[in-house]
Amino acid sequence: MRIIWSPLAIERVTEIALYIAEDKPGASEKWVDSVFESVEKLTTFPKSGRIVPEIAKDNFREIIHGNYRIIYSISENIIEILTVRHGMQLLSESDITSK
């Protein structure tokens, strides 16, 4: 399986990292590394994340990483990371529509 990051997902990771870096620059870099490590595991276990409750379709899943939801879709040989959201934020349709 190949992983593709949407521009929105990259933007969200960057925003979160910058926010964390305001207080703890070292923690910010460590957090970003851990996000990418968590996502990389999906290449072996693409369905390891739970089905996204708001969507309730088997091909839309999420992994919980600390306080964040990493939402992705699965299609044939591709895993697309759609967005990264704080667990308290509502998921909007624009978060899951790629491109």
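The values are calculated or read from the model by the stated rules, or taken from the named source; none is laboratory data. The structure displayed is predicted, hence computed values, not measured ones. Ideal geometry is used to build each Cβ from the backbone, glycine not excepted, and the neighbour counts take in all protein chains shown.
Exactly one residue among R12, R61, R2 is among the charged types (D, E, K, R) and in contact with a Gly (Cβ under 9 Å, 6 or more places away or on another chain), and that residue is R61. For region 1-41, taking the residues that are among the aromatic types (F, W, Y) and closer than 15 Å to H65 by Cα, the one that is surrounded by the fewest Cβ atoms within 10 Å (Cβ to Cβ) is identified as F36.
Going by the conditions given, is V52 out of contact with any His (no Cβ under 9 Å at 6 or more places or on another chain) and modelled with pLDDT of 95 or more? Judged against the criteria, V52 is not a match.
The residue pairs whose first member lies in region 1-20 and is more than 10 Å from T83 (Cβ to Cβ), whose second member is assigned to a helix (DSSP H, G or I) and of a type outside the set (D, E, K, R), and whose beta carbons are closer than 6 Å, counting only pairs six or more residues apart or on different chains, are M1/T43; A17/S28; A17/V32; I20/A27; I20/S28; I20/W31.
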